[in-house]
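The values are calculated or read from the model by the stated rules, or taken from the named source; none is laboratory data. Keep in mind it's a predicted model, so treat the numbers as computed, not measured. When we count neighbours, we look across all protein chains shown, and the Cβ atoms used for this are built from the backbone with ideal geometry, even at glycine. Just the protein is used for accessible areas: all its heavy atoms, side chains included, with ligands, DNA and RNA removed. Shrake-Rupley method; radii C 1.70, N 1.55, O 1.52, S 1.80 Å.
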Amino acid sequence: MASERHQKLAGAGGGRPKVGAEKLIIRSEKVRFIDVLSMLFRRRPFTSYQFVDAGDQTAADVGSTPGDILVALTQLILKALEAIYWPALMIGAVVEFLLNFIALNNGILGIFLNIFRCKLVIPHKDGPNYRSMIGLIDGRTELKPLPVGGGPDDRRLQVVGVPTGAGEDDYYVDVESGESNASVPLIQQQFVDGRLVRLQSFSGFEITVMAAKLAYENAAYIENVVKNVCRNHLQCNFVGFYNCWNKFANDHTTQAFVVTEKASESSWMVVSFRGTEPFNMRDWSTDVNLSWLGMGEMGHVHVGFLKALGLQEEDGTDAARAFPKASPSNAAADKPFAYYKLREVLKSQLKIHPNANLFVTGHSLGGALAALFPAVLAFHQEREILDRLRFVITYGQPRVGDKTFAGYLAGKAPATAALRVVYRYDVVPRVPFDSPPVAEFAHGGTCVYFDGWYEGTAIAKGGDAPNPNYFDPRYLLSMYGNAWGDLVKGAFLGMKEGKDYREGAVSLLYRATGLLVPGVASHSPRDYVNAIRLGSMSIKEEEA
């Protein structure tokens, strides 16, 4: 395959990019319906279409390969998303405002009472009490502490059916000395909330999944939660919220925030990227798009995610020019690029917290950026940050690049664990479609796959979840069955597990969308939070 040839040449050339332009960019706005029919029936070479911008090397690699059904289907999906972009945005804005209006006035009755008392609360989109649709679906902000003592009685991501030796201490790795029990592999220690990821009284998974969910909110809301809610348990320090520029979209499309354990001498810090907003069809289009750019030894990387992070040029011949190491000199103060801004912030924070371990996280689109960010750091040899990077934990993450990219970070930062959590038939981890040789997208790291009752399985070495390209008809009945099961479970889970798991009307209505498009409702961060808090892990003997 092209990615394998790329990997061999990159290794032989000391990581230098392949000669010739390595890129395939599909200008979806130029795709016509007749082009989709042509891909399906005429079978002409894909790179010959006027909407395809392919580098010379890519054209040679792909050759006479026509666009297959997955490529054609992708274009139809993108056209549909483009058509409903403005209506969805307007509907989303109205729905969010009305739901916040009702919530902030304590219900419908509260609205009339507040009108009578002249105390009606009008929501402000940038206010500290205004929640996004994600926050309205799942309003939990409190961190869930570990049980006192932790160990084998801790239900969250506990390994089951794996011998651990005598005594509870076999579950842990000592954070002070770095020594661990060799009989319990690190992957298992992480899943039982060992001290390396336990962060005193909290699971590293708990902190990252809540940070990934919180990233959907506005700056004031995030700061309020970090400074007030988190400090009920921790001395969290809110470093900053960053609204970042995408020069290709000519808009601020990327948001992220940074938090540290405390204001000084922290043992950890977290970078969390905002994910795909439910009503923003451009976010969904970015997840689905098949376009990629050759990034030298990094392999083929999704163009949309590169642009969101700070790509400067669509240059498939020189990766260092496409994504230069030096910060762009023409960047405006109010238009920072995500990669360069966050790199600057982390370097500054590591001077304040020289012993801090770094976590990078995100849900959905945010997960893709969380996977890409450290890879670009490795590409630029930013050892100061990489040496402190311990975990990249993503939730519902789409594919970011080819097999070369999937293994890139592991080769450059072997001390970093890449964990990718997937819930049921969540549609987003199944895109962009893997359609070689036009688009060779592959997942990397360890997949932690949860079923509907939050029973998890670790799928190692870049393994994928069931139904990897989503449209396999063999999974159709199972997908709809799971959608019904999740709806029923959501209605009654609170009765079994307590008030933290009780779901309101907004969450249940969102779950009902899975009855129309299975896999959409499974993308909700609510199930990822539940999986972290209620889940157990089964690891096969051969993987242990």
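Using θ = phi - 60° in the Karplus curve 6.51 cos²θ - 1.76 cosθ + 1.60, the 3J(HN,Hα) couplings for region 348-357 round to 5, 5, 5, 6, 7, 10, x, 9, 6, 8 Hz; x is entered for Gly and Pro. Take each peptide in 250-258, 57-65, count the other Cβ atoms within 10 Å of every residue, and average; sorted highest first, the result is 250-258, 57-65. In this structure the amide hydrogen of residue 520, modeled in the peptide plane, comes within under 5 Å of the amide hydrogens of 427, none closer than 5 places in sequence on its chain. Using θ = phi - 60° in the Karplus curve 6.51 cos²θ - 1.76 cosθ + 1.60, the 3J(HN,Hα) couplings for region 430-442 round to 8, 10, x, 5, 8, 10, x, x, 4, 9, 10, 8, 9 Hz; x is entered for Gly and Pro.
Database remark: amide H of residue 239 closer than 5 angstrom to the amide H of 258, 259, 260 (H placed geometrically; neighbours at sequence offset of 5 or more, or on other chains; Pro and chain starts carry no H). Near the amide H of residue 459, within less than 5 Å, lie the amide hydrogens of 447, 448, 449, all on another chain or at least 5 residues away, with H placed in the peptide plane. For region 23-123, with all protein chains in place and a probe radius of 1.4 Å, 70% of the accessible heavy-atom surface sits on carbon or sulfur.
Can you pick out the pairs among 347/412; 262/341; 262/412; 144/489 whose Cα atoms lie more than 25 Å from each other? Too far apart for the 25 Å limit: 262/412.
Rounded to whole numbers, the Karplus 3J(HN,Hα) couplings from phi for region 109-124 are 4, x, 4, 5, 5, 5, 5, 4, 8, 6, 10, 5, 9, 9, x, 10 Hz, using 6.51 cos²θ - 1.76 cosθ + 1.60 with θ = phi - 60°, and x at Gly and Pro. In terms of the mean number of neighbouring beta-carbon atoms within 10 Å, the peptides 265-272, 237-244, 509-516, 78-85 order highest first as 265-272, 237-244, 509-516, 78-85. The dipole here belongs to region 416-538: it is taken about the Cα centre, uses +1 on the Cβ of Lys and Arg and -1 on the Cβ of Asp and Glu, and is about 300 debye. Just add up the charged neighbours of residue 424: K/R +1, D/E -1, any other residue whose Cβ is under 9 Å from the Cβ of residue 424. Combined, the nearby Lys, Arg, Asp and Glu give -4.
With a ≥ b ≥ c taken as the square roots of the eigenvalues of the C-alpha gyration tensor of region 379-510, please select rounded if a/c is under 1.5 and otherwise prolate if a/b is larger than b/c or oblate if it is not? Oblate is the answer for region 379-510, as a/c is 1.5 or above yet b/c matches or exceeds a/b. For region 23-123, the solvent-accessible area works out to 56 Å² per residue, with a probe of 1.4 Å and every protein chain left in place.
Would region 308-416 count as rounded, prolate or oblate if I go by the C-alpha gyration tensor, calling it rounded below 1.5 in a/c and otherwise prolate when a/b exceeds b/c, oblate otherwise? Taking the square roots of the gyration eigenvalues as a ≥ b ≥ c, region 308-416 is rounded.
Each residue of region 29-88 gets 82 Å³ once the volume of the Cα convex hull is shared out per residue.
Sorting 347-356, 215-224 by their mean Cβ neighbour count within 10 Å, with the most densely packed peptide first, gives 215-224, 347-356. What region 355-421 shows is 24 Å² of accessible area per residue, with the surface traced by a 1.4 Å probe over protein heavy atoms.
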